[in-house]
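Each remark here refers to the structure printed beneath this line.
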Amino acid sequence: MKKKIVFIGNSIVAGYPWSKGKSFPSIIRRALKGDCEEILQPAFGRSLGFEIVNKGVNGDTTAGILGRFRDDVLDHSPELVFIMTGTNDFIYRDATPREAMDNLVQMAKLVEASGGKTVLLTPIPVDAGKAEFMWMAGCGISYPAVNRDIAELSELIAQSGIGYLDLGGAFAEYASGFDEPDLVYLDGIHPMPEGHVFIAETIIDYLKEEFEK
């Protein structure tokens, strides 16, 4: 049986609104096999035989992911689980950063009990100005407040003692290299395809370090 890496989370994990093949988990899957046009590097994962499972669901929250965690994660008996979530909690005002973190801790405990390892991905920040006009416009959402909540959750993740990758910080630095937000975000929330390539590269660098240990 192949060892599995499960990616679970929200629409960014799912690849919305692009085809699932353009999502960062799909890019990682191809890169590990050495069959990836977007990322040209050795197929370091081929000999390890990992299978990539994408369980991203559009609009999902930490509570929603926790509710489907057994079916979508534990039933796969994964070696490694990457969790990327939190943004929708704050857009919908479903949870505070502390409440979202409590849900993430529960997920990590479930993975640990099953013999796997968890890697929490800090959420990428939103482009508040663009999102205000292009994502749920007129719904009274304060996107600067969403970013503050994302930053607070990211701090909680870093302090949790759970394995994590500061994807949000890396993506913010990536985005700072562009003069136009249209080159980074489709709608202020979801990355352009090139952003998914960047996310994939960042996670692949993390995986390389893990594989070399």
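Check ASN88, ASN58, ASN103, ASN54 and return the single one that is of a type in the set (S, T, N, Q), assigned to a loop (DSSP other than H, G, I, E, B) and modelled with pLDDT of 95 or more. Walk me through it before giving the result.
Details: ASN88 fails: assigned to a loop (DSSP other than H, G, I, E, B); ASN103 fails: assigned to a loop (DSSP other than H, G, I, E, B); ASN54 fails: assigned to a loop (DSSP other than H, G, I, E, B).
After ruling out the rest, the residue left standing is ASN58.
So MET134 fits all but one of (1) open to solvent by 70 Å² or more (accessible area, probe 1.4 Å); (2) at pLDDT 95 or above; (3) touching a Gly at 6+ places or on another chain (Cβ under 6 Å); what number is the exception?
Failed condition: (2).
Give the stretch 137-149 a look and list any residue that's touching a Phe, Trp or Tyr at 6+ places or on another chain (Cβ under 9 Å) and either under 19 Å from VAL13 (Cα atoms) or open to solvent by 70 Å² or more (accessible area, probe 1.4 Å) (or both), or say none.
Filtering the stretch 137-149 for residues touching a Phe, Trp or Tyr at 6+ places or on another chain (Cβ under 9 Å) gives 141, 143, 145-149.
Those that are touching a Phe, Trp or Tyr at 6+ places or on another chain (Cβ under 9 Å) and either under 19 Å from VAL13 (Cα atoms) or open to solvent by 70 Å² or more (accessible area, probe 1.4 Å) (or both): VAL146, ASN147, ARG148.
Return the residues of the stretch 150-180 that are open to solvent by 20 Å² or more (accessible area, probe 1.4 Å) and either touching a Phe, Trp or Tyr at 6+ places or on another chain (Cβ under 7 Å) or of a type in the set (S, T, N, Q) (or both); say none if nothing qualifies.
SER154, ALA158, GLN159, SER160, LEU165, TYR174, SER176
Going by the conditions given, is GLY168 under 17 Å from ILE203 (Cβ atoms) and of a type outside the set (Lys, Arg)? Walk me through it before giving the result.
On the way: under 17 Å from ILE203 (Cβ atoms): yes; of a type outside the set (Lys, Arg): yes.
Criteria met by GLY168.
Being at pLDDT 95 or above, within 26 Å of ASP187 (Cβ to Cβ) and not hydroxyl-bearing (Ser, Thr, Tyr): is that true of ARG68 here?
On the way: at pLDDT 95 or above: yes; within 26 Å of ASP187 (Cβ to Cβ): yes; not hydroxyl-bearing (Ser, Thr, Tyr): yes.
Here the answer is yes, as ARG68 does meet what is asked.
The values are calculated or read from the model by the stated rules, or taken from the named source; none is laboratory data. As the structure is a computational prediction, the values presented were derived from the model and not from experiment. For neighbour counting, all protein chains shown are included, and Cβ atoms are generated from backbone atoms with ideal geometry for every residue, glycine included. Note: areas computed on protein heavy atoms with side chains; ligands, DNA, RNA excluded. Shrake-Rupley method; radii C 1.70, N 1.55, O 1.52, S 1.80 Å.
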